[in-house]
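Report on the structure given below.
None of the figures in this text is laboratory data; all of them are computed from the coordinates on show. These numbers come from a predicted model, not from an experiment. In this analysis, Cβ positions are derived from the backbone assuming ideal geometry, glycine residues included, and neighbour counts consider all displayed protein chains.
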Amino acid sequence: MLLLAALGLAIVFGLMGVINMAHGEFMMIGAYTTFVVQNAFKKTALSEVYIFFALIAAFIVTALLGLLLERGVVRYLYGRPLETLLATWGVSLILQQFIRSVSWQFVTGLAIFCGLFFAAWWVLSRRPNFERIRSWVLGIMFPLSAAIALVIANLLGQTFKLAITKPWFGTQGVDVTAPAWLRGGLQLGGSQLPYTRLFIIVLTALCVFGVYWFLNKTPWGLRIRAVTQNRSMSACLGIPTKTVDALTFAIGSGLAGVAGVAVSLLGSVSSNTGQSYIVDTFMVVVVGGVGKLVGSIVAAGVIGTLSYVIGSNAIGNLVADPELKSFFEFFATASMAKVMVFALIIVFLQFRPAGLFPQKGRSVDA
Amino acid sequence: MTVKSIETVAEIPQRITARKRRKALILEVAIVVVVALILLFVMPPLLTAIGQGVRVNQLGRFLALAIVALGIDLIWGYTGLLSLGHGVFFALGGYAFAMFLQLQPVPGQTPGQIPEFFSLYGVSQLPLFWQPFYSLPFTLLAVVLVPAIVAAVLGYLVFRNRIRGVYFSILTQAALIVFFNFFNGQQKLINGTNGLKTDTATLFGLQVGSSPIIQGAFYALSVLLLVGGYALCRWLTSGRMGRMLVAIRDDETRVRFSGYNPTGYKVFVFAISAALAGVAGALYTVQSGIITPKAMDVAFSIEMVIWVAVGGRATLVGAILGALIVNFARTLLSEQYPEFWLFFQGALFLIVVTVLPSGILGWFRTDGMNWVRSLIGRPQLVQTYPSLESDPEVVYERETLGDRESDR
């Protein structure tokens, strides 16, 4: 599970050096997409296999969002990772609140605003003296279209009342019910392995192989790797670096969406879902070493197992010494396990500061 | 002989700049004192007079937050280390002081009784680490030293391995979550999620939450400590130390190649900034009446960064202004439209990063000044020579040839 989330991040962060704090929110949106798809397929004959459509839909939706983010914001901030971090955090805040308060009224208002503003922008940018009046256009059209949109949205809200002002999702979490064939579990010895987990494991494996294949066997994958290694050289050789950037970012975000589908199978989804995963995934990338898929895979496995082992007090039961036992029992909750894992990570970084599989070469320190 | 004459020639401008500098310093001190006096004696009665008495308390709290902003400016604006974990130090300071207040005897109770929440979890004896907090001097020391030591240890472990940039940010954020979980989970030690309440505690026989004397005193203390923090940061950033910090920010590898070891400087400055956050946490706690693990929220710590970014990085005044402006905007906006604050905040992040990278103060120093100058008909400020900068051909060349997107 952690691996799936970290995979997209490893691509975006490792290959592009861009910190995307909104990654968790993309996961959340993927999960919400699953919810929407599930509701859309509820009455049809396909309701049993909606999950596959949800996967595709989530990938497309989040990839498009990622593309938008890259084109709109991140593009201007390459080479300034700290600023990117802050900007994407801003985006993640907006996305969270958007999910909470989105409603027909809200969407209509937003659509009217965007329509008016960008139409005005487009019309006015035809004028020859556009550069000179640019700031005026911005200063006048922005509040004007915002005001019009607000008024219309309010009018709509008053005429149709609750029918359109009701938020789509609200602040409460929504539940995705797994299709019937994913309920239940596989009997393995004494313990039961739920099918949903199995499904997620298979999904993760598929994604990892897909990404591996894409990066190593396709022409675009080759280009992505080339740009990662040496941007200016690739540009000189005629690789469209900007398209590659956008593509990489979109794929990373799309994978976040797929991870979101998996999250939605595990439990209830709310607008805060993304937040709880983001730091874990970052830890995976840091421990695994930047730019290496293998590192991420191993690190995700190790961290996931460690927190489970410590959290479930497995070591404490193995140790005979009562002092040590009580020590491990102190950490035997999910939150205390996190404390322990973090301490271990810090210790680990003392020995291998660049992660499990560090990149070698002169360009590392640049 | 020639050497001596050169020296004398060089000395004259130096003396002039020294005098100029002293003048500027005196002016700055005067301005700071005046602002502090206004904050101390004019603002509270004024706000009360116009029926906004609540705002005094808010102002005091935001002044406390401005101290954190100073600390963040010190490590981010000057040293280039973006810490997303200042909530830890803030909360540590707050908890230290809240623990002291919890241990103060409540009138009408037998002295030596342990705080009441302990009985909820079946703890009858005070945990060992609470014991020293009976004493005020120790608490005051702890407010400063505990965050500083935590920061120093964490900083040393991280900086020693030359972990920097984004990795540092992520690690501080992870530390934040770790501390959050720790404080949240330990009901028996520090009352878990519920936090420690300070407004019902008593200090010198007066109730902290409702006594106007105590609240007034803490307000004044916030102002004074803010001034003190400003002076400290100003002093740190002006001398050799300040230049070292900026050098680390701009090119750490080169600093290392010149024979300096940046680790010590970074650890030191991180600890100082943590200590400032601790002080701020203590002040904020007593004025808001409670400290909970919520102070270690991920969002709150990143918000601290945005105060600095809005005000202007690497300008101490900007940090203070930014903290005050953003917080007042937040209270005013969320009083009116609670759901829009997050949109606004998100937009603020985007705007500050993309359009206003040097913050309000930075904008004012360059573009704003130019705008004012163009209004009153003075020539624009330029970086090199007017004949170069305003030459139409040079301008044209710069616009069309240099800094195109394809160059990046």
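Test of understanding: ordering B:Ile26, A:Ile346, A:Ile51 by Cβ neighbours within 10 Å, fewest first, what list do you get?
Values: B:Ile26 10, A:Ile346 19, A:Ile51 22.
Sorted ascending by nearby Cβ count, the order is B:Ile26, A:Ile346, A:Ile51.
For A:Ile201, B:Ile67, B:Ile290, B:Ile320, which order do you get if you count the other beta carbons within 10 Å of each Cβ and list the fewest first? The partial results should precede the final answer.
Details: A:Ile201 15, B:Ile67 30, B:Ile290 18, B:Ile320 25.
So the residues, fewest neighbours to most, are A:Ile201, B:Ile290, B:Ile320, B:Ile67.
With the cut-off at 29 Å, tell me which of the pairs A:Lys338/B:Lys197; B:Lys197/B:Lys266; A:Lys338/B:Lys294 have Cα atoms farther apart than that. Could the numbers behind the result be given before it?
Values: A:Lys338/B:Lys197 27 Å; B:Lys197/B:Lys266 35 Å; A:Lys338/B:Lys294 17 Å.
Long pairs (Cα-Cα over 29 Å): B:Lys197/B:Lys266.
Determine the shielding of peptide B:77-88 by partner chains: average, over its residues, the number of Cβ atoms on other chains within 10 angstrom of each Cβ. All intermediate terms of the calculation are to be shown ahead of the outcome.
Numbers: counts 0, 0, 0, 1, 1, 5, 0, 6, 0, 0, 0, 0.
For peptide B:77-88, the averaged partner shielding equals 1.
Report the label-to-label distance for B:Arg254 and B:Leu224 in nanometres (one decimal), using points 7 Å from each Cα along the Cα→Cβ vector.
Going from the B:Arg254 label point to the B:Leu224 one covers 4.4 nm.
Sort A:226-236, B:278-288 for me by packing, meaning the mean count of neighbouring Cβ atoms within 10 Å per residue, highest on top. Let's see the in-between values first.
Details: A:226-236: 15.5, B:278-288: 28.8.
Highest to lowest by the protection proxy: B:278-288, A:226-236.
Could the peptides A:202-209, B:264-271, B:234-241, B:168-175 be put in order, highest first, of the mean number of other beta-carbon atoms found within 10 Å of their residues? Write down the numbers at each step before the final one.
Working: A:202-209: 15.4, B:264-271: 21.0, B:234-241: 13.5, B:168-175: 23.6.
So the order, starting with the most tightly packed, is B:168-175, B:264-271, A:202-209, B:234-241.
Enter the mean number of other protein chain beta carbons within 10 Å of the beta carbon of each residue in B:299-309, as an integer. Please list the in-between numbers first.
Details: counts 5, 0, 0, 7, 2, 0, 4, 3, 0, 0, 3.
Rounded to a whole number, the mean comes out at 2.
Collect residues whose amide H, placed 1.01 Å from N in the peptide plane, falls under 5 Å from the amide H of B:Ile290; neighbours closer than 5 in sequence don't count.
So B:Ile290 has HN proximity to B:Thr198.
For a Förster distance of 45 Å, can you work out the FRET efficiency between the beta-carbons of B:Gln131 and B:Arg330, rounded to the nearest 0.05?
On the way: r = 39 Å, r/R0 = 0.86.
That gives a FRET efficiency of 0.70.
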